[in-house]
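Working notes, structure below.
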Amino acid sequence: MGVEEHKKGALKRVRLGIVTLSTTRGPAEDESGNWMAAASREKGHEILFHRVLPDDDAVIRETLLSLLDEHDPDAVLMNGGTGAGPADVTIEAVRPLFRKELTAFGALFAQLSYADIGAAALISRASAGIIGRTAVFCMPGSIKACRLACDRLVFPELGHLVKHIRTG
């Protein structure tokens, strides 16, 4: 079976959550999270929640697990906290929760980023995995990085990935 044949059963509408990690931005200043919500709605997806959380690993982990339990989203788009600075703890908070890691996401994001920003792509630690029955994507917080990740990687495969997670 070819890729296109395999993807024919992909879901057209996915239920999403958005989480922005920042100690300096609130919902009004959340350019990346607001863009992801609008872009998702334009593609016909449903936004179940949109939160802005501080860069605190315990808060990230506890809130994410609570949101997954309360809303049962198909996927969560997280942005921010993936760099190399001391406050960048998203990956440390989320990766231990992955039942399966989607290792190609980080590699492909780095490759696409390298084409745009050169060796600075080395600093990003984008990651993705599956927690329970939910795909979770962790990407840098800049609007440019979110657009790159969503437009080139997440949105093209989202319905296909969710179909596999939810139905096999």
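The values are calculated or read from the model by the stated rules, or taken from the named source; none is laboratory data. Treat the numbers as computed from the prediction; the structure is a model and nothing was measured. Cβ: placed from backbone, ideal geometry, glycine included. Neighbour counts: every protein chain shown. Quick note on the areas: whole protein, heavy atoms, side chains included, nothing else; ligands and nucleic acids left out. Shrake-Rupley method; radii C 1.70, N 1.55, O 1.52, S 1.80 Å.
So the values come out like this:
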| read-out | value |
| --- | --- |
| Residue within segment 37-55 that is charged (D, E, K, R), modelled with pLDDT under 95 and either within 19 Å of L102 (Cβ to Cβ) or under 15 Å from the mean Cα position of the chain (by Cα) (or both) present | no |
| Total residues in segment 102-146, condition farther than 19 Å from R15 by Cα and basic (K, R) | 2 |
| Subset of segment 1-36 [modelled with pLDDT of 95 or more and open to solvent by 10 Å² or more (accessible area, probe 1.4 Å)] | R13, R15, E31, N34, W35 |
| Segment 115-168, residues that are closer than 17 Å to F98 by Cα and among the basic types (K, R) | R125, R133, R166 |
| Sole exception among (1) modelled with pLDDT of 95 or more; (2) over 13 Å from the mean Cα position of the chain (by Cα); (3) over 19 Å from F49 (Cα atoms) for S127, by number | (2) |
| All positions within segment 33-78 that are among the basic types (K, R) and in a loop (DSSP other than H, G, I, E, B) | K43 |
| Among residues of segment 127-160, those that are touching an Asp or Glu at 6+ places or on another chain (Cβ under 9 Å), part of a helix (DSSP H, G or I), open to solvent by 30 Å² or more (accessible area, probe 1.4 Å) and in contact (Cβ under 8 Å) with a residue 60 or more places away in the chain, counted | 1 |
| Among (1) within 18 Å of A128 (Cβ to Cβ); (2) among the hydrophobic types (A, V, I, L, M, F, W, C); (3) in a strand (DSSP E or B) - the single one A93 does not satisfy | (3) |
| Sole exception among (1) at negative phi; (2) touching a residue at least 12 places away in the same chain (Cβ under 8 Å) for D72, by number | (1) |
| Options V89, V94: the member that is among the β-branched types (V, I, T), crowded, with 17+ Cβ neighbours inside 10 Å and out of contact with any Cys (no Cβ under 9 Å at 6 or more places or on another chain) | V89 |
| Residue among S40, S66, S32, S22 that alone is of a type in the set (G, A, S) and without any contact (Cβ under 8 Å) to a residue 12 or more places away in the chain | S66 |
| Test for T24: is it polar (S, T, N, Q) and either closer than 16 Å to C138 by Cα or outside any loop (DSSP other than H, G, I, E, B) (or both) | no |
| Matching residues, segment 38-66, being more than 19 Å from T82 (Cβ to Cβ), in contact with a strand residue (DSSP E or B) (Cβ under 7 Å, 6 or more places away or on another chain) and not aromatic (F, W, Y) | S40, R41, H45, E46, I47, L48 |
